[in-house]
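I have placed the structure first, in the form of structure tokens, so that the comments after it can refer back to it.
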Amino acid sequence: MQKKIPRKIVDGVLLLDKPLGLSSNQALQRIKWLLKAKKAGHTGNLDPLASGVLPLCFGEATKFASQGLDADKVYVTRIQLGETRDTGDAEGQVVERFVLPDLNAKYIQQVLQSFLGKQQQVPPMYSALKYQGQKLYELARAGKSVERPPRDITLHQLELLEFTSDSLTIQVHCSKGTYIRVLGEDLARALGSGGYLASLRRTRSGDIGDDSLVTLPQLEAAFEQQGEAGILQYLQPVDYLIQQLQKVQVNAEDAERLLHGQAVKLLDAPGAIGENVRLYTSDEHFLGMAQLQQDPVKDWLLQPVKMQNTASD
């Protein structure tokens, strides 16, 4: 019988540059195993074909992973024109071939501009979304297709970086939930051809850019040299993903109430009703996240949303 490896409490955020060839979960599990961490999660799936920004949350930081999931994303992608593939990317089988369009920068820019704004997008069959408990890509591999409800997305910016006679490279600034593979297919169709994603890199997630990342080989080398401490040196604090929120400090009595799920009154409002804020004690100890509210007599309240488990400190 294999001996069970004891798991440790690890709290913080690791800014991983996800490599090609691994799923987000495979990359997460590899680092979780090296750290022997009890609890871990990531903040937005990247396909094996894609690389780039993938914040990994450990322990208490997993409570705030939704801030990364909900954040806008920026991608750089190359769309190959002239054929479609069943997966919408370079890993798939050719479905149909097309005559290449006669491209010029002005026309491409016009097409890109026509895609901007709020819209609905139907998720692809080759995705990790579930239908009746089964992942869509599993159904797709079995030759099945099911109806997928459209999602509300926003395309904030589409910038043409370069183009050739059979491809274009663009930078995409979009809302959460946007499938770049679907966008690539739609853009190719609008240009008078078919297309698929030849490459994809996430360069930004919220405020996190790809200039602040650590690679898997770097982490594995650090582990070889220093063990778990080699990886822990790259760990960001638990509150890293909510640094954009307004900061509020509370006294010891209010901190205790908040940690027990009780709302506390504020003399002044540091923001608007419904906004989330990050909470700290007077000596800068991070407590968690709360929402600004008002009670019937118009007193400002801090309503705890997600608080740290102080037992793990």
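The values are calculated or read from the model by the stated rules, or taken from the named source; none is laboratory data. Bear in mind that the values here come from a model prediction, so they are computed numbers and not experimental data. Positions of Cβ are generated from backbone atoms using ideal geometry, with glycine treated the same way; all protein chains shown enter the neighbour counts.
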Practice problem: Starting from the stretch 17-28, keep only residues that are under 18 Å from residue 235 (Cα atoms) and in the same structural domain as residue 216 (by TED's automatic domain parsing), then list their pairs with residues that are hydroxyl-bearing (Ser, Thr, Tyr) and not in a helix (DSSP H, G or I) whose Cβ atoms are within a distance under 8 Å, requiring at least 6 positions of separation or different chains. | Solution: 17/51; 17/215; 18/51
Exercise. Check off (1) hydrophobic (A, V, I, L, M, F, W, C); (2) in a strand (DSSP E or B); (3) surrounded by fewer than 15 Cβ atoms within 10 Å (Cβ to Cβ) for residue 170 and give me the number that stays unchecked.
Key: (3)
Exercise. Taking the options 220, 253, name whichever one is assigned to a helix (DSSP H, G or I), more than 19 Å from residue 55 (Cα to Cα) and either not hydroxyl-bearing (Ser, Thr, Tyr) or not assigned by TED's automatic domain parsing to the domain that holds residue 280 (or both).
Key: 253
Practice problem: Considering only the stretch 55-156, give the helices (runs of 4 or more DSSP H) lying wholly within it that have at least 3 residues that are more than 30 Å from residue 306 (Cβ to Cβ) and not assigned by TED's automatic domain parsing to the domain that holds residue 32. | Solution: 105-114, 136-141
Exercise. Hey, could you check the stretch 11-34 for residues that are over 24 Å from residue 286 (Cα atoms) and in a loop (DSSP other than H, G, I, E, B) and say which is nearest to the chain's Cα centre (by Cα)?
Key: 23
Practice problem: Being of a type in the set (Gly, Ala, Ser) and either assigned by TED's automatic domain parsing to the domain that holds residue 137 or under 30 Å from residue 308 (Cβ atoms) (or both) narrows it down to one of 50, 37, so name that one. | Solution: 37
Quiz item: Does the stretch 265-276 contain any residue that is in contact with an Asp or Glu (Cβ under 8 Å, 6 or more places away or on another chain), loosely packed, with under 13 Cβ neighbours inside 10 Å and over 24 Å from residue 12 (Cα atoms)?
Solution: yes
Practice problem: Specify which of the listed residues (117, 92) is farther than 17 Å from residue 45 by Cβ, at pLDDT below 95 and of a type in the set (Gly, Ala, Ser). | Solution: 92
Self-check item: Residues satisfying the stated conditions in the stretch 258-310, i.e. within 21 Å of residue 241 (Cα to Cα), more than 23 Å from the chain's Cα centre (by Cα) and among the β-branched types (Val, Ile, Thr)
Solution: 281, 310
